[in-house]
Amino acid sequence: MKSIVGTCTSLVLVVLLAGGALTAGLHAQRGVPAPTAQPSEPRPATAPPLVPVLVAPGPGPQRSIEYDTVSDRYTNFVETELLPRVTKDYQVAFTTDPEGRATFGMSSGAAAALTMAWLHPNLYRRVVSYSGTFVALQRNATAPNGAWDFHQTFIPQSERKPLRIWFHVSENDLGANSPAEQMRNWVIANNRMSEVLKAKGYPHQFVFSEASGHVDQRVQLQTMPEAFEWVWKGYKPTGK
């Protein structure tokens with residue numbers, strides 16, 4: 001992180017579930033060939049400078065509780081504990097403009113990324129999701145069907161929020177052959193997300209990757225630079 005912090009006020013990218021493919025994708029987004037990828041021509045800087053904050057989940061089943069539960073508890077942790085600690089340790093002053101703040105996640109981390117922006121569009125307005133777990137894993141009073149409720153009730157029955165969403169699912173993603181009534185099919189869930197976002201007029205881009213699996217690294221290496229470019233389209237720094 002120290003190598004990319006160069007100004008007092010920066011954008012914030014909260015990465016909810018990191019891995020090797022994420023590192024490779026960030027290298028590509030910055031115009032630097034990833035160590036595990038084939039050399040390529042440097043990309044022009046079409047996304048703004050970012051400060052990625054990578055967050056590891058709790059061990060074992062704690063990960064699903066943190067990520068798949070539709071509530072503002074995780075956002076409160078990020079805002080009141082995590083970001084202040086990063087500011088203190090690395091002297092980074094994050095922008096307070098929600099247009100300059102994004103969430104990113106893979107699998108259950110993607111469900112958390114959408115939850116953060118959905119419940120707090122005053123804080124985050126740009127979302128990137130790979131193999132998003134928009135299925136029924138953690139149920140509560142707010143979301144009786146877990147993150148499945150995003151495409152079943154939340155988005156269709158709510159006024160459009162100021163969000164910009166890039167998301168993906170693979171042809172052979174988790175639960176691809178499960179019936180819809182079980183609410184455990186990632187392919188159906190993400191396709192329905194695309195339908196309801198389109199119906200409500202949300203700016204969104206949906207990528208369906210053939211012959212690929214859950215959070216497939218090959219897909220990430222091919223699409224992550226474009227995902228970052230698209231999700232930041234139209235952003236203008238305000239100086240806040």
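A few remarks follow.
Here is a yes/no grid of residues against (1) crowded, with 19+ Cβ neighbours inside 10 Å; (2) in contact (Cβ under 8 Å) with a residue 12 or more places away in the chain:
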position: S108; (1), (2): yes, yes
position: F134; (1), (2): yes, yes
position: L137; (1), (2): yes, yes
position: P144; (1), (2): no, no
position: P156; (1), (2): no, yes
position: L163; (1), (2): yes, yes
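- Per-region count, segment 207-236, residues in contact (Cβ under 8 Å) with a residue 40 or more places away in the chain, among the polar types (S, T, N, Q) and more than 12 Å from F167 (Cβ to Cβ): 3
- On the stretch given as segment 142-168, residues that are among the aliphatic types (A, V, I, L, M) and either in contact with a Gly (Cβ under 7 Å, 6 or more places away or on another chain) or closer than 20 Å to F77 by Cβ (or both) total 2.
- Under the condition of being assigned to a helix (DSSP H, G or I), surrounded by fewer than 24 Cβ atoms within 10 Å (Cβ to Cβ) and touching a Ser or Thr at 6+ places or on another chain (Cβ under 9 Å), the residues counted in segment 79-106 number 1.
- Meets criteria (within 28 Å of W148 (Cα to Cα), modelled with pLDDT of 90 or more and of a type in the set (D, E)) for D89: no
- Residue in segment 179-187 that is crowded, with 18+ Cβ neighbours inside 10 Å and closer than 25 Å to Y124 by Cα present: yes
- Test set (1) surrounded by fewer than 13 Cβ atoms within 10 Å (Cβ to Cβ); (2) at pLDDT 50 or above - T7 fails condition number: (2)
The values are calculated or read from the model by the stated rules, or taken from the named source; none is laboratory data. Computed from a predicted model, the values in this text were never measured in an experiment. Backbone-built Cβ (ideal geometry, glycine too); neighbour counts: all protein chains shown.
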